[in-house]
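What follows is one structure encoded as structure tokens, with my remarks underneath.
The values are calculated or read from the model by the stated rules, or taken from the named source; none is laboratory data. For clarity, every value in this text was computed on a predicted model and none was experimentally measured. Because the Cβ atoms are built from the backbone with ideal geometry, glycine has one as well, and the counts that use them run over all protein chains shown. What goes into the accessible areas is simple: the full protein's heavy atoms, side chains included, and nothing from ligands, DNA or RNA. Shrake-Rupley method; radii C 1.70, N 1.55, O 1.52, S 1.80 Å.
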Amino acid sequence: MGKDVIVACDFSSKQAVMDFLDKFTEEKPYVKIGMELFYAEGPSIVKEIKARGHKIFLDLKLCDIPNTVKKAMSVLSGLDVDMTNLHASGTIEMMQAALEGLTRPDGTRPLLIAVTQLTSTSEERMREQLLIDKPLDEVVMHYASNAEKAGLDGVVCSPLEAGKVHDRCGAKFITVTPGVRFADGDIGDQVRVTTPEKAKELGSDYIVVGRPITAAEDPVAAYRRCVAEFVG
Ligand code: C5P
């Protein structure tokens with residue numbers, strides 16, 4: 001599995017994201033487009049960034065009835081992204097429908113990964129609000145297994161869970177992990193963080209890094225540091 005650093009481009013306008021990407025004259029980082037940018041600029045922003053030569057992870061976290069998700073995924077498959085995602089909580093049936101919708105007539109498709117439990121959901125909230133009375137990591141592993149059963153390619157999880165996910169679902173099952181900070185950096189609102197080096201050691205396949213790169217004084221240098229520590 002080739003490891004890579006995905007830059008979370010959490011900007012609210014095309015101007016802001018293009019100004020940021022213009023700084024990269026030598027490399028073409030893998031870009032994550034999330035809800036904020038997608039809802040602000042629409043599908044054209046995906047096509048424009050793709051046309052500049054970047055790989056794209058479209059992070060829209062779909063969750064709805066299987067038929068609706070299937071049709072939405074079929075539209076997204078036309079955007080030629082490299083990876084997209086949904087919530088595993090939508091059930092195995094929803095994930096299977098998503099995979100069908102995402103698969104193009106020629107059999108090709110973007111990678112499809114599942115969010116297990118959001119890192120903002122604590123065990124206490126899960127128990128009290130969602131009535132799920134199991135340890136959080138057991139729920140994460142169970143949802144990862146469901147994603148694997150549905151035929152998905154991997155999950156979004158904490159780097160701290162990446163090794164366990166690989167043990168359960170196999171080495172080829174992709175782990176995409178946010179919550180990465182440099183050892184000497186600010187952690188901001190993230191709680192369970194690891195360094196790029198530690199994420200590599202723990203078996204993450206892709207790290208998603210936002211503010212440590214986008215808000216750095218020198219984003220290109222910060223990106224290169226991530227790549228050096230994570231990919232080596
Ligand atoms: O700026 P920062 O490095 O914290 O950005 C991390 C990115 O990963 C953000 O786009 C955030 O929405 C996303 N993410 C996360 N935790 C998850 C899923 C996605 O931080 N469980």
Subset of segment 177-191 [more than 7 Å from the ligand (Cβ to nearest atom), under 17 Å from Ala162 (Cα atoms) and part of a loop (DSSP other than H, G, I, E, B)]: Arg181, Val191
Filtered residue count, segment 126-137, keeping only those that are touching a helix residue (DSSP H, G or I) at 6+ places or on another chain (Cβ under 6 Å) and within 16 Å of the ligand (Cβ to nearest atom): 1
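Within segment 112-125, track down each residue that is within 16 Å of the ligand (Cβ to nearest atom) and either surrounded by fewer than 18 Cβ atoms within 10 Å (Cβ to Cβ) or of a type in the set (S, T, N, Q) (or both).
So in segment 112-125, the residues within 16 Å of the ligand (Cβ to nearest atom) come out as 112-123, 125.
Selection gives Thr116, Gln117, Leu118, Thr119, Ser120, Thr121, Ser122, Glu123, Arg125.
Every residue, every condition in (1) at pLDDT 95 or above; (2) assigned to a helix (DSSP H, G or I); (3) more than 16 Å from Asp10 (Cα to Cα); (4) touching a helix residue (DSSP H, G or I) at 6+ places or on another chain (Cβ under 9 Å), yes or no:
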residue	(1), (2), (3), (4)
Val31	yes, no, no, yes
Ile49	yes, yes, no, yes
Phe57	yes, no, no, no
Lys61	yes, no, no, yes
Asp64	yes, no, yes, yes
Met73	yes, yes, yes, yes
Val81	yes, no, yes, yes
Leu86	yes, no, yes, yes
Met95	yes, yes, yes, yes
Some residue of segment 20-43 being touching a strand residue (DSSP E or B) at 6+ places or on another chain (Cβ under 7 Å) and open to solvent by 60 Å² or more (accessible area, probe 1.4 Å): yes
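Tell me, which residue of segment 72-108 that is closer than 22 Å to Gly42 by Cβ and open to solvent by 20 Å² or more (accessible area, probe 1.4 Å) is farthest from the ligand (Cβ to nearest atom)?
Of all residues in segment 72-108, those closer than 22 Å to Gly42 by Cβ come to 72-86, 98, 101-102, 104.
The next check asks that each one be open to solvent by 20 Å² or more (accessible area, probe 1.4 Å); those that pass are 72, 74-75, 78, 80, 82, 104.
On the way: Ala72: 19, Ser74: 24, Val75: 22, Gly78: 24, Asp80: 21, Asp82: 16, Arg104: 26 Å.
Within segment 72-108, the match that is farthest from the ligand (Cβ to nearest atom) is Arg104.
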Close pairs (9 angstrom Cβ cut-off, 6 or more residues apart or separate chains): part of a helix (DSSP H, G or I) in segment 125-136, open to solvent by 90 Å² or more (accessible area, probe 1.4 Å) anywhere: Met126/Asp133; Met126/Lys134; Arg127/Asp133; Arg127/Lys134
Residue within segment 214-222 that is crowded, with 17+ Cβ neighbours inside 10 Å and among the β-branched types (Val, Ile, Thr) present: yes
